[in-house]
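So the structure is just underneath, and the comments pick up after that.
The values are calculated or read from the model by the stated rules, or taken from the named source; none is laboratory data. Please read these numbers as outputs of a predicted model, since none were measured by experiment. Using ideal geometry, Cβ is built from the backbone for each residue, glycine included, and neighbour counts are taken over all protein chains shown. Ligands, DNA and RNA are stripped out before the accessible areas are found, and what is left, the full protein with its side chains, is counted by its heavy atoms. Shrake-Rupley method; radii C 1.70, N 1.55, O 1.52, S 1.80 Å.
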Amino acid sequence: DGSRIVGVSGVDRERFREPRERRHRWREFIATPKVLSIPDISEDPDAPVGETTRRMGVRGLLTVPLFSQRGQVIGLLRVMTLQPREFSLEDKNQLQQLANGAAVAVENAWLFAEVREKSKELEETNSRLNRLAEEQTALREILTQINILEMDQLLQKVAQHALHLLRI
């Protein structure tokens, strides 16, 4: 489906790979992103949490999506409480604001990594082009002197350029 798991916390990673008929609310949540609020996960066997989260005694769960600039879900931000809790509209709005900031930071990190990789590729290409320019200059110099040099001088020039190009 084009999604990939980069990291999870408190959710069993394998639950994201369950067959369609056994998928839980995370898949629904990502497909139709909205705020997910569960006042008490102990009363909800389908709550999208892992066994670790349940063992920790987590009861309240509030999850909001991290949206990319193109509106795609690129992650989730969760708040968990040890007591059952009805999350207020203000709680939901504040968590969504934090998620929006986190989404910008995530996308900026991805863009920075992409720019760094492109810069490295450009440096490598530039290095190869400089090397080719040196080789072309050496060949041009040799070819222009073929007619005017004697064989001994020509071979000396070829050897000099070969040593330079081989960096010996």
**Complete:** Heavy-atom accessible area of the range 50-168 with neighbours in place, 1.4 angstrom probe: carbon+sulfur share in percent works out to 57
**Prompt:** Rg and Dmax of the range 63-139, Cα atoms, in Å?
**Reply:** 23.2, 80
**Request:** About the Cα centre of the range 50-168, how large is the charge dipole given +1 on each Lys and Arg Cβ and -1 on each Asp and Glu Cβ? Please answer in debye to the nearest 20.
**Result:** 700
**Fill in**
Here the tail fraction of P(r) beyond 20 Å, over all Cα-Cα pairs of the range 96-168, rounds in percent to 58
